[in-house]
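Below you'll find the structure, written out as structure tokens, and then a few comments.
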Amino acid sequence: MPKLAPTIARALPPLLATLLSFPASAATGATAHIDPRIESLLAELAKQHTFESVALSPDGRQLAWVVRRQDRPAIEVALIDGSKVRHVGLSDKPLSCNESDVAWAPDSRHLAFVSDCGNRAAGTEAKQKHLYVADTGSDAAPKRLATLSGYAHALSWSQDGKTLGFLYVVGATRRASALAAARPSLGEIGVDGLEIQRVAAVSAEGGEIRQLTPAHTHVYEFAWSPDAKRISYVGAPPPGDNNWWVAKLYVQSAQADAAPDTVVDPSTVKGPLHGLQMALPRWSPDGSQIAFIGGLMSDEGFTGGDIYSVPASGGAAPTDLTPDTHVTPSWLTWTGSQQLLVAQFSNGQSQVAEYSIDAGAAKPGRTLFTLPATIGDGSAEMALSLSRDQKRIAYIQSSYAMAPEVHAGALTTQAPPAVTALNAGLKQAWGKTESVEWDRDGLHMQGWLLYPPDYDASKSYPMIVDVHGGPSGVVTPRWPNAGFGGVPFSALGYFVFMPNPRGSYGQGEAFVQANRKDFGYGDLRDVLAGVDAIEKKLPVDDKRLGLTGWSYGGFMTMFGVTQTQRFRAAVAGAGIANWQSYYGQNLIDQWMTPFFGASVYDDPQVYAKSSAINFIKQVKTPTLVVVGERDAECPAPQSFEFWHALRAQNVPTSLVVYPNEGHRFANPANQRDVLQRALLWFQKYL
């Protein structure tokens with residue numbers, strides 16, 4: 001692991017500076033005796049080609065995708081059946097540069113993208129990013145539309161093809177996301193260096209970039225109206241990492257400095273949306289309505305909830321079109337004046353369905369297909385790319401049995417086939433997959449179970465329980481990468497149980513909200529009931545159970561070992577030990593009020609009752625604790641607090657802090673290291 005810059009290291013407590021100044025292997029001796037199976041597994045996982053986005057041309061004839069080959073993202077274009085693949089962009093193989101964010105123009109011929117493959121910025125080593133448009137019907141070099149001076153993404157053409165819109169942070173020092181590594185906390189906190197993401201636009205002919213939305217509003221998502229005269233967007237005052245949970249829905253003219261109208265304010269609206277979150281504003285074909293997804297969502301970008309609609313002119317409360325549903329819509333688009341295409345989670349699976357809108361309700365017309373897999377467009381889970389006539393579809397799909405590939409074809413009751421085979425040579429090292437279902441406290445639960453490879457029913461096996469993050473999240477089958485996760489444990493001879501307890505997507509919004517003000521209690525009962533159900537039918541050794549998870553799963557790991565001694569080893573990734581101190585440490589405290597019902601200052605006891613640190617005397621389980629140094633969502637001090645308490649109780653423990661990493665690790669070496677450590681920890685104690 002690289003060392004920290006000396007100025008940063010000096011500002012850290014001596015122990016933290018020491019931990020961060022040595023390679024991870026030196027901190028714990030983790031790599032001294034590596035099981036060759038672990039090395040082989042990590043090497044195989046690292047071979048994966050990653051698709052970062054996919055887009056279907058409006059006429060449904062061509063595909064564009066960004067694929068990372070040997071850590072170099074490049075844009076490729078092909079026919080919808082995957083044939084005639086060719087590179088479209090500026091990079092050549094010897095160059096190490098980045099191309100991203102593909103967006104087809106309405107003419108289905110021109111493709112916009114972001115690239116830093118041009119000249120370096122004058123006097124710097126950093127590469128300057130630009131907006132380009134490639135004519136896919138010719139061999140001409142891509143045309144530069146504009147030079148960027150910050151972070152740009154989410155490219156979107158107006159329907160008349162005259163303007164390219166995008167989300168833009170001028171002078172950005174990081175990706176606009178709470179998952180990214182936080183900026184160093186220096187200067188006047190909350191005031192200095194605020195980075196505000198706005199909707200920007202540039203003419204299709206190129207020229208000056210125009211900022212459309214107000215300078216005092218951080219925009220998370222936006223959409224063009226059908227006539228290209230207006231935009232809708234979800235926005236809030238800065239800082240953007242924190243305030244998504246109090247964002248409002250706005251509509252304004254697609255002109256610089258136009259005054260926005262507030263269409264929905266969840267803080268004042270009455271009904272089921274009150275105090276909750278919104279995502280994915282989508283204009284109806286005639287521009288009179290905006291549909292969106294609203295619900296209790298613990299992470300920006302991982303969408304789930306009910307489908308709502310509201311008049312685009314405002315002045316009326318939003319209508320919940322899907323009350324009492326038992327699935328979780330996650331993406332939608334209008335396919336007619338009274339019809340929606342919806343991607344949703346259902347009982348741990350991905351589903352695509354048609355909805356008809358009638359008398360203020362969205363009624364499921366038919367489910368087109370259900371997949372034991374994860375689908376998305378690369379930029380967001382469950383997002384799909386659809387042709388203009390809604391007859392063809394494209395997305396990236398992976399499962400426990402199939403590595404990621406682009407799937408595309410006709411939109412019918414049969415899921416479209418894979419049209420790429422870039423990962424076809426990867427070998428599945430883990431065992432078979434099984435969906436497990438059980439009931440607890442009147443609720444129905446589902447989870448995924450991976451068997452050990454070469455499973456023998458006459459033998460007894462250890463099992464690792466991997467709890468997902470969120471809590472508003474879900475486990476759907478997906479091919480693992482070389483980072484932290486439960487699937488690789490199966491390859492080393494474990495059963496791996498990945499439950500979807502209360503609080504998860506896939507059983508309806510009431511189920512998502514079932515652990516509000518109750519973190520760690522009902523959901524832990526659900527997890528243990530799932531373990532019991534598995535042990536009744538399979539040869540799992542109850543004396544060799546492990547517990548792990550990241551983010552909320554890291555909290556569940558820390559809390560779980562204080563509530564039961566059933567687990568003989570644990571690995572807590574980016575966890576939360578003390579909800580009371582966490583409230584004042586994290587950079588996203590706005591998410592907590594919807595879940596806890598009040599701030600920690602108004603109701604400290606609801607936070608205290610779920611804090612693992614208050615039950616620390618009960619822990620006996622050896623626990624490895626890992627976290628990113630610059631995690632904005634689950635700050636490193638939470639891991640320090642838990643590790644320090646375990647050490648004081650003489651419980652076997654180890655803490656590893658990864659430099660310059662945020663909530664989602666970006667450095668491949670660190671991703672591999674944290675997985676390797678977890679594998680070795682369970683190997684030692686189970």
Of those in region 29-63 that are more than 21 Å from Tyr494 (Cβ to Cβ) and among the hydroxyl-bearing types (Ser, Thr, Tyr), the residue modelled with the highest pLDDT is Ser57
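Here's the yes/no breakdown for (1) basic (Lys, Arg); (2) more than 20 Å from Ile375 (Cβ to Cβ); (3) in contact (Cβ under 8 Å) with a residue 24 or more places away in the chain; (4) surrounded by 23 or more Cβ atoms within 10 Å (Cβ to Cβ):
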{"residue": "Ile38", "(1), (2), (3), (4)": "no, yes, yes, no"}
{"residue": "Thr50", "(1), (2), (3), (4)": "no, no, yes, no"}
{"residue": "Ser57", "(1), (2), (3), (4)": "no, no, yes, yes"}
{"residue": "Trp65", "(1), (2), (3), (4)": "no, no, yes, yes"}
{"residue": "Pro73", "(1), (2), (3), (4)": "no, yes, yes, no"}
{"residue": "Asp81", "(1), (2), (3), (4)": "no, no, yes, no"}
The strands (runs of 3 or more DSSP E) lying entirely within region 286-348 that contain at least 1 residues which are over 25 Å from Pro372 (Cβ atoms) and of a type in the set (Gly, Ala, Ser) are 289-295, 306-311, 328-336
| said: Considering only region 240-252, I want to know if a residue exists there that is more than 25 Å from the chain's Cα centre (by Cα) and either exposed (fewer than 14 other Cβ atoms within 10 Å of the Cβ) or farther than 23 Å from Phe595 by Cα (or both). | reply: yes
Residue match in region 360-370 (condition: at pLDDT 95 or above and crowded, with 22+ Cβ neighbours inside 10 Å): no
Conditions (1) closer than 21 Å to Ser149 by Cβ; (2) surrounded by fewer than 19 Cβ atoms within 10 Å (Cβ to Cβ); (3) touching a strand residue (DSSP E or B) at 6+ places or on another chain (Cβ under 8 Å); (4) at pLDDT 95 or above -> Ala200 fails only (2)
Residues of region 370-396 being part of a strand (DSSP E or B), within 17 Å of Leu341 (Cβ to Cβ) and under 23 Å from the mean Cα position of the chain (by Cα), in sequence order, are Thr370, Leu371, Ile375, Gly376, Glu381, Ser385, Leu386, Ile393, Ala394, Tyr395
Output yes when any residue across region 185-196 is closer than 27 Å to Val133 by Cβ, touching a Ser or Thr at 6+ places or on another chain (Cβ under 9 Å) and charged (D, E, K, R), and no when none is. yes
If we keep only residues of region 255-280 that are part of a strand (DSSP E or B) and under 29 Å from the mean Cα position of the chain (by Cα), then the residue nearest to Gly597 (Cα to Cα) is Gln277
The condition of being at negative phi, surrounded by 18 or more Cβ atoms within 10 Å (Cβ to Cβ), assigned to a helix (DSSP H, G or I) and in contact with a strand residue (DSSP E or B) (Cβ under 6 Å, 6 or more places away or on another chain) holds, among Trp643, Trp591, only for Trp643
Q: Might you check whether a residue that is at positive phi and either more than 19 Å from the chain's Cα centre (by Cα) or surrounded by fewer than 23 Cβ atoms within 10 Å (Cβ to Cβ) (or both) occurs anywhere in region 285-292?
A: yes
Kindly check whether there is at least one residue in region 204-221 that is in a strand (DSSP E or B) and over 29 Å from Asn586 (Cβ atoms). yes
Of the conditions (1) touching a Ser or Thr at 6+ places or on another chain (Cβ under 8 Å); (2) farther than 28 Å from Gln507 by Cα, the single one that Ile464 does not satisfy is (2)
Exercise. Would it be correct to say that Asp389 is free of Cβ contacts under 8 Å to residues at least 24 places away in the same chain, farther than 23 Å from Val487 by Cβ, acidic (Asp, Glu) and surrounded by fewer than 19 Cβ atoms within 10 Å (Cβ to Cβ)?
Worked result: no
message = For the structure I just gave you, tell me whether Ser185 is at pLDDT 90 or above, surrounded by fewer than 16 Cβ atoms within 10 Å (Cβ to Cβ) and outside any strand (DSSP E or B).
response = no
If you go through Pro266, Pro318, Pro323, the only one that is of a type outside the set (D, E, K, R), touching a residue at least 24 places away in the same chain (Cβ under 8 Å) and in contact with a strand residue (DSSP E or B) (Cβ under 6 Å, 6 or more places away or on another chain) is Pro318
Of the conditions (1) touching a residue at least 60 places away in the same chain (Cβ under 8 Å); (2) touching a helix residue (DSSP H, G or I) at 6+ places or on another chain (Cβ under 7 Å); (3) buried (at least 18 other Cβ atoms within 10 Å of the Cβ), the single one that Tyr685 does not satisfy is (2)
For region 253-268 the number of residues that are hydrophobic (A, V, I, L, M, F, W, C) and either surrounded by fewer than 20 Cβ atoms within 10 Å (Cβ to Cβ) or under 18 Å from Gly165 (Cβ atoms) (or both) is 4
Residue hits (region 415-453; assigned to a strand (DSSP E or B), hydrophobic (A, V, I, L, M, F, W, C), buried (at least 21 other Cβ atoms within 10 Å of the Cβ) and in contact (Cβ under 8 Å) with a residue 60 or more places away in the chain) are Met445, Trp448, Leu449
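The values are calculated or read from the model by the stated rules, or taken from the named source; none is laboratory data. Everything numeric in this text was worked out from a predicted model, so none of it was measured. Neighbour counts run over all protein chains shown; Cβ positions are idealised from the backbone, glycine included.
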